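Single-structure report; data block below.
The values are calculated or read from the model by the stated rules, or taken from the named source; none is laboratory data. Here the structure is a predicted model, which means the values were calculated and not measured. Here the Cβ positions follow ideal geometry from the backbone for every residue, glycine too, while neighbour counts run over all protein chains shown. Please note that ligands, DNA and RNA were not included when accessible areas were found on the heavy atoms of the full protein model with its side chains. Shrake-Rupley method; radii C 1.70, N 1.55, O 1.52, S 1.80 Å.
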Amino acid sequence: MPFEIVRNDLTNMQVDAIVNAANSRPIIGFGTDSGVHKKAGRQLLIARRKIGKIAFGDAAVTPAFNLDAKYVIHAVSPIWQGGKKNETELLESCYTKSLQLALEYGCESIAFPLLAAGNHGFPKELALQIAINTFSKFLMKHEMQIYLVVFNRSAFVLSSKLFHSVQSFIDDTYIQEKYLEEYNIPTGQKAPDIDLYQLEEARNRRRMAELSPNYQSCQLFSEEMERAPLAPASPRRLEDLMKEMEETFSESLIHLIDQKGLKDPDVYKKANIDRKLFSKIKNNKNYKPSKATCIAFAIALELNLDETRDLIGKAGYALTHSSKFDIIIEYFILEGNYNSFEINEVLFAFDQPMIGG
């Protein structure tokens, strides 16, 4: 997928360009800067000194030397001063200029740390939002593999409001699913439509049936019907069954794109799907993508919950309440939030696979 959040050491990434959280002056700083210089070797500092001072919000390129990359892009992020010194604009500039340099140098892949969220004291929630928004805008116009690399989960902080809202939805959905099982209510009903009154009514009906004088005889009649031989069904030819086959996932996807008057790049970019993968799906009607890829297309097409179930069903997948991944996807669809990048933030925070391909 063009954008991915990964847990790793930035210096271990095998990409064309690694972005270093650099010091404004040509010296080795702390944290990420220290780790990059240590693995790249002494030559990196020599090359960095030739550049001289880099302004806040700006970036510069050197070779990567001993790193598993071609280039190191030295981005100088702002120090947080309460948000009154254009810190937000300067941090966005760091990401934008780093990406522009990667384009100029012909890079196909780039790995970023979460800039400014460490020693520079930037609020992590805001730092993450700026990074994601900048990547999203860039990828709608350009082709590049972007990694946001976090060393541990403490470095990755969602908006507390969003996190608690999703967690509450997961908990409520799980509880409602258990009620459905306990009271024998059909699971096809949408969880948000189920209320406690309906559940209590279902329980009362079941109790009345069990206490009814005719209950036992009804049970015996039901068992006899089950044992009765069925009338033989007329055989159906395979060719007739084949004619009744529904559209494949690929065929349904292309029809939906046409129906909505969208262009292919608009859809696969919004879905966080690689162009080559989209081409495979489009040109092979029997291609079966992963569930994460199918859902990514449903999100990009802004399908409602029923439409999403129908589309991914073409590839043999379903949404259930036994999967935290599925519940999170349902949450965003019901909220009308079709931002695949934000969805992936939440999926990563809840330790779930991300959508795209």
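Annotations for the structure displayed:
- Members of the range 252-265 found to be without any contact (Cβ under 8 Å) to a residue 40 or more places away in the chain and either more than 20 Å from the chain's Cα centre (by Cα) or open to solvent by 60 Å² or more (accessible area, probe 1.4 Å) (or both), listed by number: 254, 255, 258, 259, 261, 262, 263
- Boolean, residue 73 is closer than 26 Å to residue 340 by Cβ, in a helix (DSSP H, G or I) and open to solvent by less than 10 Å² (accessible area, probe 1.4 Å): no
- The residues in the range 100-128 that are aromatic (Phe, Trp, Tyr) and part of a loop (DSSP other than H, G, I, E, B) can be counted, and the count is 2.
- Screening 319, 301 for residues that are in contact with a Lys or Arg (Cβ under 7 Å, 6 or more places away or on another chain), open to solvent by 10 Å² or more (accessible area, probe 1.4 Å) and without any contact (Cβ under 8 Å) to a residue 60 or more places away in the chain leaves exactly one candidate, 319.
- The range 1-49, residues that are assigned to a loop (DSSP other than H, G, I, E, B), more than 20 Å from residue 105 (Cα to Cα) and not aliphatic (A, V, I, L, M): 8, 9, 23, 24, 25, 26, 29, 30, 31, 41
- Of note, residue 326 does not satisfy the criterion of being open to solvent by 20 Å² or more (accessible area, probe 1.4 Å) and not hydroxyl-bearing (Ser, Thr, Tyr).
- Qualifying positions in the range 81-101 - over 23 Å from the mean Cα position of the chain (by Cα) and among the β-branched types (Val, Ile, Thr): 88
- Every condition in (1) in a helix (DSSP H, G or I); (2) modelled with pLDDT under 95; (3) hydroxyl-bearing (Ser, Thr, Tyr) holds for residue 320 except the one numbered (1).
- Among (1) loosely packed, with under 15 Cβ neighbours inside 10 Å; (2) part of a loop (DSSP other than H, G, I, E, B); (3) modelled with pLDDT under 90, the one test that residue 143 misses: (3)
- Any chance residue 273 is at pLDDT 95 or above, surrounded by 20 or more Cβ atoms within 10 Å (Cβ to Cβ) and assigned to a helix (DSSP H, G or I): no
- Qualifying residue in the range 332-340 (condition: touching an Asp or Glu at 6+ places or on another chain (Cβ under 6 Å), modelled with pLDDT of 95 or more, closer than 29 Å to residue 144 by Cα and not in a helix (DSSP H, G or I)): yes
- Residue list for the range 343-357, filter: touching a Leu at 6+ places or on another chain (Cβ under 8 Å) and either among the aliphatic types (A, V, I, L, M) or open to solvent by 40 Å² or more (accessible area, probe 1.4 Å) (or both): 346, 349, 353, 354, 355
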